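The values are calculated or read from the model by the stated rules, or taken from the named source; none is laboratory data. Note that the structure is predicted; figures quoted are calculated from it, not measured. Positions of Cβ are generated from backbone atoms using ideal geometry, with glycine treated the same way; all protein chains shown enter the neighbour counts. Keep in mind that these areas ignore ligands, DNA and RNA; they rest on the heavy atoms of the full protein, side chains included. Shrake-Rupley method; radii C 1.70, N 1.55, O 1.52, S 1.80 Å.
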Amino acid sequence: MKYLIILGDGMADEPIASMGNKTPLQAAHKPNIDRLTKMGRCGMLDTIPEGFSPGSEIANLSVLGYDVAKVYEGRGTLEAASMGVDVAEGEMAMRCNLVCIDGDILKNHSAGHISTAEARELILFLQEKLGNEVVSFHPGVSYRHVLKMKNGNKNIDCTPPHDVPLKEYKPLLIKAKTEEARPTADFLNYLIFKSMEL
């Protein structure tokens, strides 16, 4: 049997008063989606395995049939794969977002929806100034990029910037989950502050 999987990630949106309290999806003219739903079956599906935070990276792996507990390495690995960036044994890949900080506040998670061209220039600048045999920066699309690190400890707690708009950023810095992971967390926080300084 063949399957067609269409993931409308984030497509539900919120009701808008000027659209009669319909969501943009409810208000849109979408004959092909309407046809697919009439021909198929509709229902609710829990795509987040127990113990995982809800997010598209978890849900997409789950929908595609992966055992998330065995294969999930974080957004960075998925981002690296989508960009064609190889991750070797002993390396860890992390999502490297460009954000906008105003004073002590995380103003937004996307550096004002920075263009890919502007972002590439910044990431290549960071690679020139901070990249070395341990860490490397790889440009992606808009605010989403990849940071690779050799021999890092994955027992760290990172807060996705899109989850915490308009919050103070310092309490959200990377934290070590174990004492062994402290050097990794400290080094990544150093990179954050150094990039701000640059």
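Listing for the model above:
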| read-out | value |
| --- | --- |
| Qualifying residue in the range 169-186 (condition: in contact with a Leu (Cβ under 6 Å, 6 or more places away or on another chain) and hydrophobic (A, V, I, L, M, F, W, C)) | yes |
| Residues that are surrounded by 13 or more Cβ atoms within 10 Å (Cβ to Cβ) and in a loop (DSSP other than H, G, I, E, B), drawn from the range 166-179 | Lys167, Tyr169, Leu173, Ile174, Lys177 |
| Any chance His113 is touching a residue at least 12 places away in the same chain (Cβ under 8 Å), open to solvent by 70 Å² or more (accessible area, probe 1.4 Å) and either within 16 Å of Pro139 (Cβ to Cβ) or not aliphatic (A, V, I, L, M) (or both) | yes |
| Output for the range 139-198, where each listed residue is in contact with a strand residue (DSSP E or B) (Cβ under 7 Å, 6 or more places away or on another chain) and on the phi > 0 side of the Ramachandran plot | Leu166 |
| Residue satisfying all of: in the range 51-85; among the charged types (D, E, K, R) and within 18 Å of the chain's Cα centre (by Cα); surrounded by the fewest Cβ atoms within 10 Å (Cβ to Cβ) among these | Glu73 |
| Some residue of the range 163-171 being out of contact with any Asp or Glu (no Cβ under 9 Å at 6 or more places or on another chain) and closer than 25 Å to Val85 by Cα | no |
| Residue check for Pro160: under 15 Å from the mean Cα position of the chain (by Cα), open to solvent by 40 Å² or more (accessible area, probe 1.4 Å) and not charged (D, E, K, R) | yes |
| Residue that is surrounded by the most Cβ atoms within 10 Å (Cβ to Cβ), among those in the range 86-110 that are within 24 Å of Thr184 (Cα to Cα) and of a type in the set (D, E, K, R) | Arg95 |
| Residues within the range 145-154 that are more than 18 Å from the chain's Cα centre (by Cα) and surrounded by fewer than 20 Cβ atoms within 10 Å (Cβ to Cβ), tallied | 3 |
| Positions within the range 14-48 being within 16 Å of Tyr3 (Cβ to Cβ) and surrounded by 13 or more Cβ atoms within 10 Å (Cβ to Cβ), in sequence order | Leu36, Thr47 |
| Filter result for Met94 (within 25 Å of Val141 (Cβ to Cβ), among the aliphatic types (A, V, I, L, M) and not in a loop (DSSP other than H, G, I, E, B)) | yes |
